[in-house]
1. Considering each of A:486, A:508, A:499 in turn, give the residue that is aromatic (Phe, Trp, Tyr), at pLDDT 90 or above and open to solvent by 70 Å² or more (accessible area, probe 1.4 Å).
2. Identify all residues within segment A:208-229 that are modelled with pLDDT of 80 or more and open to solvent by 40 Å² or more (accessible area, probe 1.4 Å); write none if there are none.
3. Give just the number: which of (1) open to solvent by 30 Å² or more (accessible area, probe 1.4 Å); (2) touching a residue at least 12 places away in the same chain (Cβ under 8 Å); (3) of a type in the set (Asp, Glu) does residue A:183 not satisfy?
4. Spot the failing condition for residue B:46; the list is (1) surrounded by fewer than 20 Cβ atoms within 10 Å (Cβ to Cβ); (2) touching a residue at least 24 places away in the same chain (Cβ under 8 Å); (3) away from chain A (no Cβ under 14 Å), and only one is missed.
5. If you check residue B:147 against the conditions, is it open to solvent by 30 Å² or more (accessible area, probe 1.4 Å) and without any contact (Cβ under 8 Å) to a residue 60 or more places away in the chain?
6. Step by step: first the residues of segment A:674-692, then only those that are touching a helix residue (DSSP H, G or I) at 6+ places or on another chain (Cβ under 8 Å) and surrounded by fewer than 24 Cβ atoms within 10 Å (Cβ to Cβ), then the one that is farthest from residue A:732 (Cα to Cα). Which residue is that?
7. What's the total number of residues in segment A:230-242 that are part of a loop (DSSP other than H, G, I, E, B) and open to solvent by 40 Å² or more (accessible area, probe 1.4 Å)?
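The values are calculated or read from the model by the stated rules, or taken from the named source; none is laboratory data. A quick note: this is a predicted structure, and the numbers were derived from the prediction, not measured. Glycine gets a Cβ as well: all are built from the backbone with ideal geometry, and neighbour counts include every protein chain shown. Accessible surface is based on the protein model in full, side chains and every heavy atom, while ligands, DNA and RNA are left aside. Shrake-Rupley method; radii C 1.70, N 1.55, O 1.52, S 1.80 Å.
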Amino acid sequence: MWIYWPAILLSLALGICLAYFQAWFWTAVLAATAVVAGAVRSQYRPHLIAGLAATVVGIMIYSWNVAPFPHDLEEQPRFEASGRIDSIPTYDGEKSVFLLDTGDSSPYKHRLRVVCLFEADFQRGDTVHLEGQLKPPRPPGNPGQFDFQAYLANQGIYYNLNIKKAANAHLLSSAPPLISWIDSQRSRAEKLVRQVLPAEEAAILLGMIWGGRTGIDDRQYEDFQKTGIVHLFSVGGLHVGFLLVLINWLVSLSGAGSKGRFIAGVSGLLLYGTMVGWPPPVMRAVLMGILGLLAYLSGRENGLLNGLSLSGAIILLVDPALLFDLSFQLTMLATGGIVCLFPQMRTLFPRRSLLIDLALIPISAELAIIPLVAYHFNILTPGSIITNIGTTYLSGAAVILGFVASLLSGVSSSLAALFLYPAGMFIQLILAIVAGVKALPGAYLYVATPTVLGVSLYYAIMTLAFISLRIEAWRAMFRPAVGLCFIWLMVLVLPAQFFNRGQVEVVFIDVGQGDAILVKSPGGRFILVDGGGSQFFDVGADVVLPYLHHRGIRNLDMVISTHPDLDHVEGLTKVIAEMPVTCLGLPASLAEAEDYQALYDTAAQRQIPIVYLYAGQSLQLEEDFHMDVMHPQKENNDGDSNQNSLILLLGYERFTALLTGDVPAEELVSIGDRVSPPLTILKLPHHGSKGSLARGFYQQVKPAAAVISAGLDNPFGHPHPQVVSAVQESGARILRTDLQGAITIRSNGHEYQIQTQIASPP
Amino acid sequence: MLDPILDVLFPQGACCICRKPGRYGCRQPWCQECLDTMIELQKSGSNCERCGKYLAEGNALCSDCQSHPPRFDIARAVGPYEDPYRIAIKVLKFMGRKYLASQMGRMMAQTIKDEPRFGQIDLIVPVPISKSSLQVRGFNQAALLARKIGKELGIKTECGALTRTRDTPNQTDLSKEERERNLACVFQVPDSTKVEGKNILLVDDVYTTGATSKECTRALLDAGASRVCIITWATGRGF
């Protein structure tokens, strides 16, 4: 029997996809095509049978293993669960997180993600009894946002179990001795690294040795992302390779034969995999490593593509849902890119040079993951090639030194420390390279999220290009395929201004409690009105910027702050610090407000000109698109910041939108006569608070839709029920970011469409 | 026994000799063209009656065997030490493709079956390699071939019957005299009871000047073996 594993892996993946999308029609079409093709061309029969068999296996294992996504997940304020801890608990200074295997008969409560608001003193493998609140994770509020709910569901997790007090978590029995020994070795090494190295270096080194980003500063991690070296923190092939080199060298010192090396190598890899908790890249790399060792032991030729495909097939047979896991996709594609593209690209260079190889390897990996990275992270990193040339050996050296120190930490901590100091030095060098590359022009570029179809298209073209090099008859396809890839990339980097021309767009971004409104003019200018803000998380960095990047927006033509309340201005400060902005608009009457200090400082630092806005101004942004300032007056310094909130009226032919900041009812009523009804969109002021209730105004301006931008279950009780009912009485459709997530309104000036991120409840 | 499983895990996608793409495995490691070339080469000259070397002029014995008749009965090889035979042995030895030994051993066994002058064989013994080579390569290619031949012919293989007492410089760059000096008293039979009175088949990968084979033969006969025959994968050309 002769099996071509890459084809088997692809067929298996196809079967899993068919089962995931429940595309039974296409399954039937494919099966029929295969049968007909087999009947007509008998020489393809064995291939078709093998492919069909693998596809059927894929469909079956996915259907058996994965429960369909439930739509009736209910919150339970008090829920008791006992079970075994299934992951290495992490603690970030605020909360401990781990996975719990409950053994519950319901597939939806079989595995829970436990969040303790304290440092839980548990280990992997412990059996515990917990009591807390059972809550399904919220689906993403904004387009392009990371879908945490789907991510967890793909791991068989449908609920978070939130535990507030340590008194509600009890240890029933400790982990089995082997697991607890392995984890204690790991935590001892971890403690030593933290003792010896400064916090920043320690966090980075630990991230490189064990994987994960716990303790690494968010800004620092963003820099790693921009320079394309986050792969160092998802331990994978590089680490397993270094580990094998280290083990092989140690074993060769003892003079063991090939069997000894095989056994030592395999046990070392299994031990390491267990230590880091078997994330998909480690599974992939360890399987490839073991297959490589087995090929060496048995004297077989092990093509890397064969090893990669076989490993992938084994992983999918064990857990088919991993096909939809980002880290599995990234590790398979990046390795696939290196395995398939690198040897081909190398033939373009007549001279063998280490520098060329060092550059071609990250290029091959990058080419293979561009669409996936663009899809998930909206970033393109040409600079990563330079970073990787510089950091590959440095990180390798740091990882090997870290491994050696970890091994020695059990023997003598001062001896181990001797290996850690140079590791720390290498990390400093890596940081210097990262800082240097990040500052280069064009080192990274934000790109809009491509469609799933677009991503698939890219991979189809890439596969075609690869096959055309292997099969003589297809050779003519090579150049067109490469050309198509190039065009694909060109389209990817097109700025957001190019799309949806002639349409005005108003997006109420879901920032929780707060306002953030993106306006796109028909001619492709972008204006951001407010940027959200929260005491609990960085709204600007976590929500607003990712949304702008998702749209492929690289610069804003104007940023407007309606008033300086935290839930409107904090995120804005973050946005102007990160993204080029042409000008910043503030209400003239609040120019002196103390709460604007941070915004002023950042604007000064980024040299952003400030425009003061007051009633009576009309900004003619484009021929037929204008923005009128309705309120406040230029010299109106009485009243608080809410009373001095900007009110802006957007108009594009028959489409109008009134953005009202946080103004109270009186101010709203005062402009009523200057708004010609009917209004298309009214953003209700102050998140729908009772103080902004203006029944007569709603009747007067007759909005077609009223938007409330508020946080889910916010402590202020926004929006007030009376406001909601008054708006409903006026005949307007109510749209709420707290219930429906981001709200997007598009109009060509005559018609408009409303899109909500989360489907409205019936 | 594991071979079919390993064939599935590690399918060979290219001919191990000319890298022509196709479906290969343990039973068929090379393509039809390479196999045809090998068969062609087998008929590319007459063989010396004693040492099996390929001779151009149709003599019965090569000049070596005429002047210094070897102590072994007969030596034969599957083919001449030229591509693809040469590549096959290099791929096996230096790229560690041990699975090749299976088909190569089968072909060596066939050569023995086709040559009645090998007569009765009681024991198969591979030529040992030096400790340092074993350390680097991880295996003795002659032992792999010997085991496969033993399995094919149903004869016992004794890999430890002959040992190497010391490491010797590589034979490749040495002249005939230097090779003989290099190997003097290198091979030993640690337990002569194993070979006493037996007809022995000595297995090696390549027969060039015959220095190794002759030295091994000497050690085996001195230890009491009654007769020694030699089979190698490839042999040189001579006069």
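1. A:486
2. Listed by number, the residues that qualify are A:217, A:218, A:219, A:222, A:225.
3. In the conditions (1) open to solvent by 30 Å² or more (accessible area, probe 1.4 Å); (2) touching a residue at least 12 places away in the same chain (Cβ under 8 Å); (3) of a type in the set (Asp, Glu), residue A:183 misses (1) alone.
4. That leaves (2) as the condition not met.
5. Considered against the rule, which asks whether it is open to solvent by 30 Å² or more (accessible area, probe 1.4 Å) and without any contact (Cβ under 8 Å) to a residue 60 or more places away in the chain, residue B:147 comes out as yes.
6. Going through the qualifying residues, I end up with A:691.
7. Total satisfying the criteria: 1.
Rundown of residues vs (1) out of contact with any Leu (no Cβ under 6 Å at 6 or more places or on another chain); (2) among the acidic types (Asp, Glu); (3) within 17 Å of residue A:314 (Cα to Cα), yes/no style:
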| site | (1), (2), (3) |
| --- | --- |
| A:23 | yes, no, no |
| A:54 | no, no, yes |
| A:73 | yes, no, no |
| A:81 | no, no, no |
